[in-house]
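The values are calculated or read from the model by the stated rules, or taken from the named source; none is laboratory data. Keep in mind it's a predicted model, so treat the numbers as computed, not measured. Quick reminder, even Gly has a Cβ in these numbers, built from the backbone with ideal geometry, and neighbours come from all protein chains shown.
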Amino acid sequence: MSSSNFASSSMSGSGGGGGGSSSGGGGGGPCGACKFLRRKCVTGCIFAPHFDSEQGASHFAAVHKVFGASNVSKLLLHVPVEKRADAVITICYEAQARLRDPVYGCVSHIFALQQQVVNLQAEISYLQAHLATLELPTPPPQPPSLLAPPPPLSIADLPSFSAVPATYDLSSLFDPTAWNLPHQSDTLTSQFPTPRGGGDLQELAREFLARRDPCTNQPASPLPPHSTT
Amino acid sequence: MNSSRCAACKHLRRRCPSDCIFAPYFPSNNPRRFAYVHKIFGASNVGKILQDLPVSYRGEAANTLCYEAYCRIKDPVYGCAGIVDQLNEQLKIAEYQLATIKAAITTALQPSYLLDQSLPML
């Protein structure tokens, strides 16, 4: 699974040198998390399999700054062991995104992707209409799924959290080039699920897009990122 | 004790000062909003994030923190990354559709194709 490979190559090492997937520091020294927290890395440390003693400490610093070690520990305890590597990857992704952009965090990535999809679907609709006006025979039959009108684009229409796929490709999460916003549009029909009675994220999305510099597609007034120290 | 405590101070069972960092963004009529962010990020971390931002950005930050927390509660493994992946999939499908339609238009505009269509049946 790509997420497991990603996790093993970028964050976990040898479990802090202690061997075994669930061992603590043992004779190999503390894991990255315990090193950062300056505490004894016990056998069965929940962080040890996911934060090696080298790069793991810096990754954990970001996680601790945003979420807090205690909260992450509780989160991981409620996740099946086989899913914890993926959970750690996504938690690290969100933590780093939040430090990089304290206002929007990883939600800016979601906004950018949502806008790209909206723009593409608008282009598809336009070209479909153009194709129809040529009054020529339709192209060779395609599988129905390709000619079907695109589903309405909205976070609210995405599969429910209880029906998420079993696997995700997490390899693009840490690629900032995948976040680029190629087009800017004044209209944004997407809606984001909000906690009941929560803030107006749709309005938030419009404001966010309005602030992006049309030349660079970068935020018009970037704020200094948090430091992890 | 302040009779109009914000949701954060109510949740934390403390007095709500007049300059409470949470009060503008976590009103008492929506306790779930703060409950989400407190569960995932912790009140202290949320307070620090908001404190380090200019006032004009704090509302948006609070909203995105709520959204992230909501996503993480609903999907403890993937959180917002699950949404990102779904959008990437939608993007791939849309790009494929676009390429297909462009190819169809290109084919339809070929002179030989147009000529074939215009010749009467003999």
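Does the range B:39-47 contain at least one residue that is facing chain A (nearest Cβ under 7 Å), over 30 Å from A:ALA132 (Cα atoms) and among the aliphatic types (A, V, I, L, M)? Yes, that holds for at least one residue.
Restricting the range B:48-78 to residues that are within 7 Å of another protein chain (Cβ to nearest Cβ) and not in a helix (DSSP H, G or I), the residue that is surrounded by the most Cβ atoms within 10 Å (Cβ to Cβ) is B:TYR78.
Among residues of the range A:79-105 that are modelled with pLDDT of 95 or more, those with a beta-carbon under 8 Å from a residue that is of a type in the set (Lys, Arg) and surrounded by fewer than 23 Cβ atoms within 10 Å (Cβ to Cβ) at least six positions away or on a different chain give the pairs A:ALA95/A:LYS65; A:LEU99/A:LYS65.
Here B:ARG33 qualifies as surrounded by 18 or more Cβ atoms within 10 Å (Cβ to Cβ) and within 7 Å of chain A (Cβ to nearest Cβ). For B:TYR25, the conditions (1) buried (at least 20 other Cβ atoms within 10 Å of the Cβ); (2) aromatic (Phe, Trp, Tyr); (3) part of a helix (DSSP H, G or I); (4) at the interface with chain A (Cβ under 9 Å from one of its Cβ atoms) are fulfilled apart from (3). For the range B:36-47, the candidate set comprises residues that are in contact with a Phe, Trp or Tyr (Cβ under 9 Å, 6 or more places away or on another chain) and more than 18 Å from B:LYS74 (Cα to Cα); within that set, the residue that is surrounded by the fewest Cβ atoms within 10 Å (Cβ to Cβ) is B:GLY47. Quick check: is even one residue across the range B:100-116 in contact (Cβ under 8 Å) with a residue 12 or more places away in the chain and buried (at least 19 other Cβ atoms within 10 Å of the Cβ)? No: the range B:100-116 contains no residue that is in contact (Cβ under 8 Å) with a residue 12 or more places away in the chain and buried (at least 19 other Cβ atoms within 10 Å of the Cβ).
Taking residues in the range B:3-16 that are over 11 Å from B:PRO27 (Cβ atoms) and exposed (fewer than 14 other Cβ atoms within 10 Å of the Cβ), and partners anywhere that are at pLDDT below 95 and of a type outside the set (D, E, K, R), the pairs with Cβ atoms closer than 6 Å and at least 6 places apart or on different chains are B:ARG15/B:MET1; B:ARG15/B:ASN2. In the set B:PHE26, B:PHE41, only one residue is touching a Cys at 6+ places or on another chain (Cβ under 6 Å), modelled with pLDDT of 95 or more, closer than 21 Å to B:LYS10 by Cβ and not β-branched (Val, Ile, Thr); that residue is B:PHE26.
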